[in-house]
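Below is one structure, written out as structure tokens; the observations come after it.
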Amino acid sequence: MRSLHRLAPALLVLAPALLPAQAPTPLDRRVDSVFAAFDHANTPGCSIGVDRAGTALIRRAYGMANLETGTPFTVSTISESGSTAKQFVATALVMLARDGKLSLDDDVSRWVPEVKGFGKRITIRHVLSHTSGLPDRYTLHEVQGRPAEETDHPNSEVLAIVAGMKELNFDPGEDYLYSNTGYVVAVAVIERVSGKTLQQFTEERIFAPLGMTSTRWREDHRSVVPRRASAYQGSATMGFRNEHPFTRVFGSGGLLLDLDDYLKWSAAFQRGEGQWGAIRDSLSAVIKLNDGTAITYGLGVSTDTWRGVKRISHTGSTGGYRAALYRYPDQQVSVALLCNGANANPGGLATSVAAIVLGDALEPVRPLAIPAIANAAEALVALTGRYHSPRTEEVMVLVVRDGNLVDSTDNSVYLPWGDDRYRLRNGTGGLQAIRDGAKLTMRWTTPGARPVDYERVRPPDSSPAAIAALAGTYRATELGADLTIASKGGKLVIERGWRGDATLTPLYRDGFALPDGKLLRFTRDSHGKLIGFVLWDGRVRHLRFDRVPATR
């Protein structure tokens, strides 16, 4: 294995040719094996750091910070931390609450009147815990013809979009659904309450006090940042392309820092001295939905138990940057990861390193004991079909494959588990068949989330007349955007001009899938007349489009 820059960064800068590399320890070598795919001069790279009880245990780096200049990725390389930045925004708001400037249970419209159009009481706590119902900004940009990968957006544009919207994904507190929009709103609260920019406030209250001298917000992606890694998409086999985040939106992400600053931040929470213990506890406190369901997400961080140990974590992804920050408080262990290639799996890499470091503190991985279920095959056939969730707009198409129940929309495999229950093969969730007379509902459950009920729906009508009847122009009034749907060659397509048509695949009666995974359900009035459609895109559940009457 080729070994890159294992010295302290300052020494490398001063005299790299004169100083011998420190011999890697056995622990280093085990960690190196996790990053073998990144340890090359023709791939993007990563830096990994682990602290235990305030002492540096691991500082390693691999691959390249810049493929065009041949600059190695070092432990002092500055990279973008993606959504792990959210905990810094949450901390700033907790600080303002401790200052008496606001309450986390304030209606956010007190500070950001742009959200008043929803007509719902959204609190700051809702925003920070992703229980606000605010639709995620990426889909909204795309519908407006200004997708994030092609258009430079500032925070003010996101707020302007929010100001024009009337419908949430769900009522505040009713559910959990990740929303980057919410954290842009959170930044506006910080700046309007404090009278300072997010950079000014966090520099004065967080970065400077903790000695985080390399940390800053990416307020303008065009700024020159010494030691910053470039970001890439691709593979060594197919080649790489630049995947720089082309945006001035920050707060939901957009924090630049190096490995040591990352771990200084985590160390403040590990020690819990002064204000940091109270802030730490505020961020990781259990959040409950309106129905009492406890979710794993707190304020900018997730808290769960992994192999018997408590874990507080978050991963990040912006452009080609990937990051993770995992903290194991009972073992006083922090794991920080920064990468500049979209092919890196930050959660998987950080977890693999944690498994090496935590060792015997972890419960052993036990194989799944699959119960023998009588007549399982016959029961599976009775469950096949198409299912739609009225609450979330998600769809399942269940088939039998190799003796198991499979959702063909994403190839999830469910193992028979007894009592009309089916467990996800590679996960903690499962399905339960619920019968009410002739009605069959499939209920999805997973720890830390509301159950989702899927109702059986009719197969699609793909006749030429049915397809042609759905063609027309549809308008998302909230976003001021029109979509034209046409019938071409017996298929339904969304016309997108120079981007080319997007063909809709029938899933169920009036329900279709787009090539990029979005779902579209046409809506009708009580008399069956077509009136529009709703769009689902993961973090946007039912974006409404109204049918525009044809002009004569």
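The values are calculated or read from the model by the stated rules, or taken from the named source; none is laboratory data. The structure presented is a predicted model; accordingly, all values stated were derived computationally and were not measured. Every residue, glycine as well, gets a Cβ built from its backbone with ideal geometry; the counts of neighbours run over all protein chains shown.
Details
- Of all the numbered requirements in (1) outside the structural domain of G437 (by TED's automatic domain parsing); (2) in contact with a strand residue (DSSP E or B) (Cβ under 6 Å, 6 or more places away or on another chain), D453 misses one, and that requirement is (1).
- Residues of the range 17-53 satisfying the condition of being among the small types (G, A, S), assigned to a loop (DSSP other than H, G, I, E, B) and under 29 Å from the mean Cα position of the chain (by Cα): G45
- Comparison of R456, R450 shows that the only residue that is in contact with a Lys or Arg (Cβ under 9 Å, 6 or more places away or on another chain), closer than 30 Å to I295 by Cβ, not aromatic (F, W, Y) and not in a strand (DSSP E or B) is R450.
- Residue within the range 142-150 that is among the β-branched types (V, I, T), in a loop (DSSP other than H, G, I, E, B) and not assigned by TED's automatic domain parsing to the domain that holds Y474 present: no
- Of the residues making up the range 494-503, just one is surrounded by fewer than 19 Cβ atoms within 10 Å (Cβ to Cβ) and among the aliphatic types (A, V, I, L, M), namely A502.
- Y183 passes every criterion in (1) in a loop (DSSP other than H, G, I, E, B); (2) crowded, with 21+ Cβ neighbours inside 10 Å apart from (1).
- Options G359, G292, G348; residue that is of a type in the set (G, A, S), at pLDDT 95 or above, over 23 Å from the mean Cα position of the chain (by Cα) and in a helix (DSSP H, G or I): G359
- Count of residues meeting criterion [in a strand (DSSP E or B), farther than 23 Å from L507 by Cα and not basic (K, R)] in the range 410-430: 4
- Of the residues contained in the range 142-164, none is found to be at positive phi, under 16 Å from the mean Cα position of the chain (by Cα) and in contact (Cβ under 8 Å) with a residue 12 or more places away in the chain.
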